[in-house]
Amino acid sequence: MPAQLSDPITMVAKRAGDVQIHTFVSSFTSDNIANATHIIETRNQLVLVDAQFLAPYARAFRDYADGLGKPIDRLYVSHRHPDHWFGLGTAFSDVTIYALPETVSFIQEHGEDSVSDHWKLGDLAPGDVVVPQKIVSPGEETIDGVRYVFEQVEEAEIDFQLTIGLPDLGVCFAQDLIYSGTHLYLTKQMGHWIRVLQEMLVADYELFMPGHGLPADKNEVARNIEYLLAAQQASGEGLTNDAFKAFMLQRYPERKCPGIFDIYLPRLFGGASDY
């Protein structure tokens, strides 16, 4: 890792028979956002979820996957925010990549612009844009003996997001619907986001793989709901920009990655695009 980037956290989050769920989390430092990517390891192969953001972490994630000694069957991209697909061009151009049609269209039409918009990253950004080749639709599929349930969630942290459930294992890859131990990337759709999380609370899943932070249980789902409710209240009382940020930092001093405020505040209060 370059000097300014700390080492990632890697762990096996669950073992069940021939299946192991791995997670790989980038730095929790204040100027990073603890991107979490995951691997479903089965008897014969690997399925990956998301691709990291910064090039060194994408390469390290690929090295971790390759170190398991099994072929990568596919990689799913959860949504179009660049911190989940930039790593495709760095380390996964040889992998079959699946995504929702809206995510594929966005990367195809706006991927190069997104990389250009992040010019300050320098060589931490990908050199190439890789567009997912395969469309994933809501429904069920069995992959190497494991039952997958794919769902599309709209108008929450992003306009279109893919979630992946492994119901027989009690695991849900919720990605950016859940921020585990970090500050959330807030949008104007907090009310609907809360309702989605409330449905998760009564679902049969026990382990939630987030898009940021460490694997979570339903207690963290409930804490995300409480965070969103507090943000709604603060916004409703007229707090914006720095005042809103100060309130949320004071209310949640235990949450990490405060740099995310500077990413979303122009969208939440400044009239920029919704997501």
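The values are calculated or read from the model by the stated rules, or taken from the named source; none is laboratory data. This structure is a prediction, so every number in the text was calculated from the model and none was measured. Glycine also receives a Cβ, built like all others from the backbone with ideal geometry; neighbour counts cover every protein chain displayed.
Some points to look at:
- Flag for F61 being of a type in the set (A, V, I, L, M, F, W, C) and under 25 Å from T142 (Cα atoms): yes
Listed here are the residues, each with its yes/no results for (1) in a loop (DSSP other than H, G, I, E, B); (2) among the β-branched types (V, I, T); (3) within 18 Å of L46 (Cα to Cα).
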| position | (1), (2), (3) |
| --- | --- |
| V130 | yes, yes, no |
| T142 | no, yes, yes |
| R147 | no, no, yes |
| V153 | no, yes, no |
| E157 | yes, no, no |
| G165 | no, no, yes |
| L169 | yes, no, yes |
| I194 | no, yes, no |
| Q198 | no, no, no |
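- Only one of P138, P132 that is in contact (Cβ under 8 Å) with a residue 40 or more places away in the chain, under 20 Å from the mean Cα position of the chain (by Cα) and farther than 21 Å from G17 by Cα: P132
- On the stretch given as the stretch 44-65, residues that are more than 21 Å from V146 (Cβ to Cβ) and either among the β-branched types (V, I, T) or surrounded by fewer than 24 Cβ atoms within 10 Å (Cβ to Cβ) (or both) total 6.
- Y205 buried (at least 16 other Cβ atoms within 10 Å of the Cβ) and touching a strand residue (DSSP E or B) at 6+ places or on another chain (Cβ under 6 Å): yes
- Scanning the stretch 143-173 for residues that are within 17 Å of A216 (Cβ to Cβ) and of a type in the set (A, V, I, L, M) returns V153, A156, I164, L166, L169, V171.
- Contacts under 7 angstrom Cβ, first residue in the stretch 254-266 being of a type in the set (S, T, Y), partner in a loop (DSSP other than H, G, I, E, B), 6 or more apart: Y264/Y185; Y264/L186
- Sub-6 Å Cβ pairs linking a first residue in the stretch 10-28 that is at pLDDT below 95 to a second residue that is in a strand (DSSP E or B), at least 6 apart or interchain, are F28/K256, ordered by first then second residue.
- Contact map, the stretch 99-110: first residue acidic (D, E), second residue modelled with pLDDT of 95 or more, Cβ cut-off under 9 Å, separation 6 or more or different chains; pairs are E102/H79; E102/R80; E102/Q152; E102/D159; E102/F160.
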